[in-house]
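J.: Here you go, one structure.
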Amino acid sequence: MKELNRRGFLKKTTAAYAGVLASQSITTASPVESKANDTINIAVIGIRNRGRDHYRALSKIPNVRIVALCDIDERFFPETVAEVQKLTGHKPITETEYRKILDNQDIDAVSIATPNHWHALQTIWACQAGKDVYVEKPVSHTVEEGGKMVEAARKYDRIVQTGTQSRSSESTIKAFNFLQEGGLGKIYMAKGLCLKPRASIGQTKNGSVPAGVNWDAFLGPAPYRPFNENRFHYKWHWFWDTGNGDLGNQGIHQADLARWALEKWTHPVRIHGTGNYFVFDSDQETPNIQHLEFEYEDGTMLQFEVRGLGTNPEGDVRIGNLIYGAKGWMKMGSEDAGGVEVQFADVEMTPTGFSSYKEQAGPSFTDDDPAKTDSVVNHYNNWLDCIRSRNQHELRADILEGHLSSALCHLGNISTRLKRSLKFNPGTETFINDPEADSYLTKAYRYPYVLPESV
């Protein structure tokens with residue numbers, strides 16, 4: 001892989017952040033020193049759904065101890081504590097208040113699997129408290145938040161990994177080695193696909209907060225709303241207060257790989273998004289159909305489709321990527337679509353003046369080593385290695401990578417919501433002469449859960 005290019009970019013960005021922040025005072029806990037093979041103590045934040053994947057993956061890794069579980073829903077503690085104790089032989093403590101996790105000097109790092117609207121504050125606070133961070137995708141809820149998270153990671157010299165674990169898949173790494181060695185020639189377009197049918201969430205009336213649930217803490221920086229089951233566990237993805245739709249839920253993985261295939265370590269300059277919520281009459285706010293185009297300064301295109309209703313696959317792929325180059329194309333399917341395959345294309349002029357088109361099967365890429373097939377475990381191992389070495393440049397999904405890919409989702413959603421094309425300035429991270437669009441780059445925060453002006 002052309003890792004030197006990416007790492008060089010990350011180093012330049014780190015240096016730029018260091019220059020900006022050099023004159024600012026830092027008040028934080030002492031940073032974690034290099035721990036070689038010492039045990040790293042981790043707290044898992046958010047223990048339902050994705051959080052369950054976090055502690056199960058971490059339990060498979062030597063020299064890691066899950067010392068604490070944190071959640072705003074106490075009803076899950078007994079079962080989860082018992083499972084962690086069975087998996088690891090160690091009984092974790094439980095907390096409902098995240099700040100107490102940060103105050104605990106025995107905790108080295110946090111693994112965040114909370115709703116999207118919490119990711120930025122929890123990551124920034126953890127960096128300020130001297131903790132390293134693994135944060136789920138999308139890393140942010142808005143473009144502004146992503147930039148602040150990068151600033152915090154650099155200012156406090158924290159190891160912050162984005163939860164786009166496809167970057168640690170053996171077959172994906174092989175495929176990108178092939179691309180970056182010129183296997184498909186110049187890549188001119190990449191397409192991400194999230195063709196994932198979703199049922200209607202229906203309509204649910206407001207109700208009483210269940211016993212054991214801290215609803216105020218769940219809402220955090222989001223506007224206050226009465227308790228509603230449709231806005232709670234998992235379904236929060238479908239409301240703008242807390243989620244980013246399927247583009248920011250499943251689609252972020254494929255957007256990240258598409259940007260990686262194009263070797264773009266910047267933002268696009270033009271965004272065009274169309275879509276809406278079709279067919280169902282429910283409480284859902286986010287679209288279930290989207291078509292998006294992102295154009296970079298050199299004209300390279302990144303396309304994306306979300307189809308949350310019954311639909312055909314593309315190139316046998318429902319959730320994955322299609323990568324197009326001068327020599328042919330590649331299909332990258334997720335676990336339900338079967339590995340990575342290459343088709344070489346040959347276009348020739350016939351004697352009659354018409355073009356002929358032929359395809360020939362190229363290489364395919366799979367996970368050959370059974371020990372390396374769990375991309376989540378691989379991704380955690382990469383993070384833990386970097387915690388020990390204190391080298392953020394070896395991260396496969398550094399927070400800056402997470403910010404750039406998450407911003408694609410935010411920019412696409414903004415264009416979709418405004419129903420028009422947008423022009424973007426990557427340097428300033430603002431739209432060009434478009435105050436209305438700029439207003440979507442941030443959000444109003446509910447006190448005291450406020451994004452700091454200076455991290």
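The values are calculated or read from the model by the stated rules, or taken from the named source; none is laboratory data. All of these numbers come straight from a predicted model, not from anything done at the bench. Every residue, glycine among them, receives a Cβ derived from its backbone with ideal geometry; neighbour counts consider all protein chains shown.
J.: Report, ordered by the first and then the second residue, all pairs with beta carbons closer than 8 Å, sequence separation of six or more or different chains, a first member in region 293-312 that is in the same structural domain as Leu422 (by TED's automatic domain parsing), and a second member that is hydroxyl-bearing (Ser, Thr, Tyr) and assigned to a strand (DSSP E or B).
T.: Final answer for the pair search is Thr300/Tyr188; Met301/Tyr188.
J.: Moving to a separate point now. Scan region 200-208 and give yes if some residue there is farther than 25 Å from Tyr55 by Cα, within 18 Å of the chain's Cα centre (by Cα), in a loop (DSSP other than H, G, I, E, B) and basic (Lys, Arg), otherwise no.
T.: No; the residues of region 200-208 include none that is farther than 25 Å from Tyr55 by Cα, within 18 Å of the chain's Cα centre (by Cα), in a loop (DSSP other than H, G, I, E, B) and basic (Lys, Arg).
J.: For region 379-394, what are the residues that are over 13 Å from Val160 (Cβ atoms) and of a type in the set (Phe, Trp, Tyr)?
T.: Matches in region 379-394: Tyr380 only.
J.: To continue, here is another question. Find the helices (runs of 4 or more DSSP H) located wholly in region 336-452 whose residues include 3 or more that are polar (S, T, N, Q), and list them.
T.: By residue number, 375-389, 399-418.
J.: Further question on the same structure: If you go through region 137-163, how many residues are over 17 Å from Val110 (Cβ atoms) and of a type in the set (Phe, Trp, Tyr)?
T.: 0
J.: Does region 38-64 hold any residues that are surrounded by 20 or more Cβ atoms within 10 Å (Cβ to Cβ) and either charged (D, E, K, R) or within 14 Å of Leu87 (Cα to Cα) (or both), and which are they?
T.: Of everything in region 38-64, those that are surrounded by 20 or more Cβ atoms within 10 Å (Cβ to Cβ) and either charged (D, E, K, R) or within 14 Å of Leu87 (Cα to Cα) (or both) turn out to be His54, Tyr55, Ala57, Leu58, Val64.
J.: Determine which member of the set His90, His117 is in contact with a helix residue (DSSP H, G or I) (Cβ under 9 Å, 6 or more places away or on another chain), touching a residue at least 12 places away in the same chain (Cβ under 8 Å) and surrounded by 24 or more Cβ atoms within 10 Å (Cβ to Cβ).
T.: His117
J.: Here is a further query. Would a scan of region 398-411 turn up a residue that is polar (S, T, N, Q), on the phi < 0 side of the Ramachandran plot and touching a strand residue (DSSP E or B) at 6+ places or on another chain (Cβ under 6 Å)?
T.: No, the conditions are met nowhere in region 398-411.
J.: If you check Val317 against the conditions, is it of a type outside the set (Gly, Ala, Ser), loosely packed, with under 11 Cβ neighbours inside 10 Å and not assigned by TED's automatic domain parsing to the domain that holds Ala57?
T.: The answer is no for Val317.
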